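Below you'll find the structure, written out as structure tokens, and then a few comments.
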Amino acid sequence: MSYQSIGIIAAIVLVIINSDIFRKTKSIHRIPALRNYRAFLIGIFVYYVTDIIWGFLDDKKYMALLYTDTVIYFIAMAMIVVLWSEFVIAYLGHKNRFRKILYYSGRAFLVLAIIVVGINIFKPIIFWFDEEGNYQTGWARYLTLGIQITMFLLTSLYAYFISRKTHGKEKLRHVTISALGIVMVFFIALQVHFPLLPIYSVGCMIGTCLLHSFVIEDEKQAYWKELDDALERERQKRIELGEAKRIAYTDPLTGVKSKGAYLEAESQIDSKIASGNAKDLAIAIFDINDLKTVNDTLGHEKGDKFIISGCNLICNHFKHSPVFRIGGDEFVAIIEGQDFTDRDKIKSDFEHAIIKNMHKNDVIVSIGMTDYIPGQDLTLGDMFGRADKQMYSNKQVLKDIGKSKE
């Protein structure tokens, strides 16, 4: 049981630390050469299973099954070498002649291992079991293990060569891959001298733990940092766009909403009207009287103050309605909610305030207001037209009052 216990522990550790790889979770989908890495881990797991089974079968001396498992064991070892070399090639990503040599060498070794195992069935050159059921080794075993050492050395040197051209955490990841090759060389060399110990499994366990800690986890952290940076850039972009929109949708002189904001609001209300969801809606149009006279006689600076004063008058009465400046002296209020309920009183109070201003020679603002008429008003523009006519009628009334005072 002591032999297979190492394989059981190694298999459990492999599954636990690489559970997200086996489950293909979203947290690892950006890891380079992920498919190759998952195949490498599966290859190691298969090897662990054969090694565990080998220990049980050897204890029970089930010779036919033991022989079959040993054949699979040697092929699994060869597969690990091939899958590892292909992962290293894919992960490092450099296209050069040595990369091709490494790739085809791995494939050639797998074919050689299968051929040698096939020959071993007829003439034991890798392993056999004596009459007492004891495991014996042949010269071909040392040949295959020697080739494995060579392949791991080649991948180690290749990764180290690439690491010399990198920096920071990327360099650390490449050096770790190189170190795994050295670790495997060391443990395979021990396995050569101690064929009845599960040393190869120990080497695989240490190597995959190194990869998990310094390559895969680092890649995941790099991905999450990249994602966080992208989200932060997106957040900053939204803030900047929001600020740009706020500036674009705000009248710089008065601070109320701009004509661009009004056009957007108009589009939204038109959609509500078209879908039959518009109700409790009114619109008020305002125009500041005599602005041209003020500009011509007192200057544009005084005219700007005149506009601000008129805007403040509108906002002080229509406190819960968005107010838009859509022209030099023209304003619009879209009336909904509480202001819609109180619209008649608000309009009356506004008109009384204008009359008081006339007596004080203060700013005069004409108003026209109309409600949404379902079935008749197909757009906000239809309401705007009626309110605009009322505003001009009010403007004329105010002019007539002004003349009568004179």
Subject >> helices (runs of 4 or more DSSP H) (entirely within segment 1-111) containing at least 3 residues that are among the small types (Gly, Ala, Ser) >> reply: 2-17, 34-60, 63-92
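Table: residues versus (1) modelled with pLDDT under 95; (2) among the aliphatic types (A, V, I, L, M); (3) not in a loop (DSSP other than H, G, I, E, B).
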position: TYR160; (1), (2), (3): yes, no, yes
position: LYS165; (1), (2), (3): yes, no, no
position: THR176; (1), (2), (3): yes, no, yes
position: PHE186; (1), (2), (3): no, no, yes
position: VAL192; (1), (2), (3): yes, yes, yes
position: LEU196; (1), (2), (3): yes, yes, no
position: LEU210; (1), (2), (3): yes, yes, yes
position: PHE214; (1), (2), (3): yes, no, yes
**OP:** Report the residue count in segment 186-198 for those that are of a type in the set (Val, Ile, Thr) and buried (at least 19 other Cβ atoms within 10 Å of the Cβ).
**Re:** 1
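Could you tell me which residue of segment 372-400 is farthest from ALA265 (Cα to Cα), considering only residues that are of a type in the set (S, T, N, Q) and in a helix (DSSP H, G or I)?
Per the stated criteria, the residue is GLN396.
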Original post:
Can you name the residue in segment 286-313 that is among the basic types (Lys, Arg) and over 20 Å from TYR392 (Cβ atoms) and, of all such residues, is surrounded by the fewest Cβ atoms within 10 Å (Cβ to Cβ)?
Top reply: LYS302
Original post:
How many residues are surrounded by 16 or more Cβ atoms within 10 Å (Cβ to Cβ), outside any loop (DSSP other than H, G, I, E, B) and hydroxyl-bearing (Ser, Thr, Tyr) when one looks only at segment 314-354?
Top reply: 0
**OP:** Could you tell me whether LYS257 is modelled with pLDDT under 90 and closer than 30 Å to LYS399 by Cα?
**Re:** no
**OP:** Answer yes or no: is there a residue in segment 236-249 that is at negative phi, of a type in the set (Phe, Trp, Tyr) and either in the same structural domain as ILE21 (by TED's automatic domain parsing) or more than 31 Å from the chain's Cα centre (by Cα) (or both).
**Re:** no
Original post:
Any chance segment 112-124 includes a residue that's within 30 Å of ASP59 (Cα to Cα) and assigned to a loop (DSSP other than H, G, I, E, B)?
Top reply: yes
**OP:** Identify, from the list PHE127, PHE87, PHE122, the residue that is farther than 28 Å from LEU34 by Cα and in contact with a helix residue (DSSP H, G or I) (Cβ under 9 Å, 6 or more places away or on another chain).
**Re:** PHE127
**OP:** Please enumerate the residues belonging to segment 216-232 that are among the basic types (Lys, Arg) and either farther than 12 Å from ILE31 by Cα or not in a helix (DSSP H, G or I) (or both).
**Re:** LYS225
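Residue-by-condition table, conditions (1) under 22 Å from LYS347 (Cα atoms); (2) assigned to a helix (DSSP H, G or I); (3) of a type outside the set (Ser, Thr, Tyr):
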{"site": "GLY260", "(1), (2), (3)": "no, yes, yes"}
{"site": "GLU264", "(1), (2), (3)": "no, yes, yes"}
{"site": "ALA274", "(1), (2), (3)": "no, yes, yes"}
{"site": "ILE285", "(1), (2), (3)": "yes, no, yes"}
{"site": "THR297", "(1), (2), (3)": "no, yes, no"}
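The values are calculated or read from the model by the stated rules, or taken from the named source; none is laboratory data. The model shown is predicted, which means the values in this text are computed figures rather than measured ones. Cβ coordinates were reconstructed from backbone atoms using ideal geometry, including for glycine residues, and neighbour counts include every protein chain displayed.
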